[in-house]
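Have a look at the structure below before the remarks.
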């Protein structure tokens, strides 16, 4: 497979492998496939501290007292080229996690405004939101917060012009072409259309996060 990538230095101990600017399922699937291979080859090495994905990048934190950037860049570049030669997209769907959601009303205060602006009924927005199968592109912002790809463009909606001081735990929101779930109460500017009682992050559990990047998710209206 021919795929352009760029290795760059960030700070004094971070290497980023970037696969362009596009945020889509194919690029994200490639990122997660390569993450698995990199972890298999490098995570046990003393100079590697962590390897994790973003939307379209792979981030490697390393100990710069044990290896310098140029040496690591050369080593990683060779491996990525080898991985890409054998890469084939995995067309099999992984386990699908279902998230029950109460939509609208007190649980989704922005649904009514979205309905008016988009000229789509609230019920239709809910139908569209629950029909899609979402890919968890990455976990970020706070522990357990999933950034989900696969939102139907018909219900894409810009962020709130003024973020809320507090968004309730479990709130399901839309911002642009993404949808996500707030695992904890926090400030936020996404349009809230519903709420789930699912616990997304519990430090007492192993693993503590319910959702994992690269997995699939579907919302169920209750």
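The values are calculated or read from the model by the stated rules, or taken from the named source; none is laboratory data. Given the structure is predicted, the values throughout are model-derived calculations rather than measurements. Quick reminder, even Gly has a Cβ in these numbers, built from the backbone with ideal geometry, and neighbours come from all protein chains shown.
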Please go through region 77-112 and pick out each residue that is buried (at least 16 other Cβ atoms within 10 Å of the Cβ), outside any loop (DSSP other than H, G, I, E, B) and modelled with pLDDT of 95 or more. 99, 101, 102, 103, 111
State which residue is farthest from residue 52 (Cα to Cα) when the search covers only region 134-143 and only residues that are in contact (Cβ under 8 Å) with a residue 60 or more places away in the chain and surrounded by fewer than 20 Cβ atoms within 10 Å (Cβ to Cβ). 143
Residue check: is residue 119 exposed (fewer than 15 other Cβ atoms within 10 Å of the Cβ) and either touching a helix residue (DSSP H, G or I) at 6+ places or on another chain (Cβ under 6 Å) or free of Cβ contacts under 8 Å to residues at least 24 places away in the same chain (or both)? yes
Scan of region 5-15 for residues that are closer than 20 Å to residue 79 by Cβ and either touching a helix residue (DSSP H, G or I) at 6+ places or on another chain (Cβ under 8 Å) or surrounded by fewer than 16 Cβ atoms within 10 Å (Cβ to Cβ) (or both), ordered by number: 5, 6, 7, 8, 9, 10, 15
Identify all residues within region 40-65 that are more than 27 Å from the chain's Cα centre (by Cα) and either closer than 30 Å to residue 150 by Cβ or loosely packed, with under 13 Cβ neighbours inside 10 Å (or both); write none if there are none. 46, 65
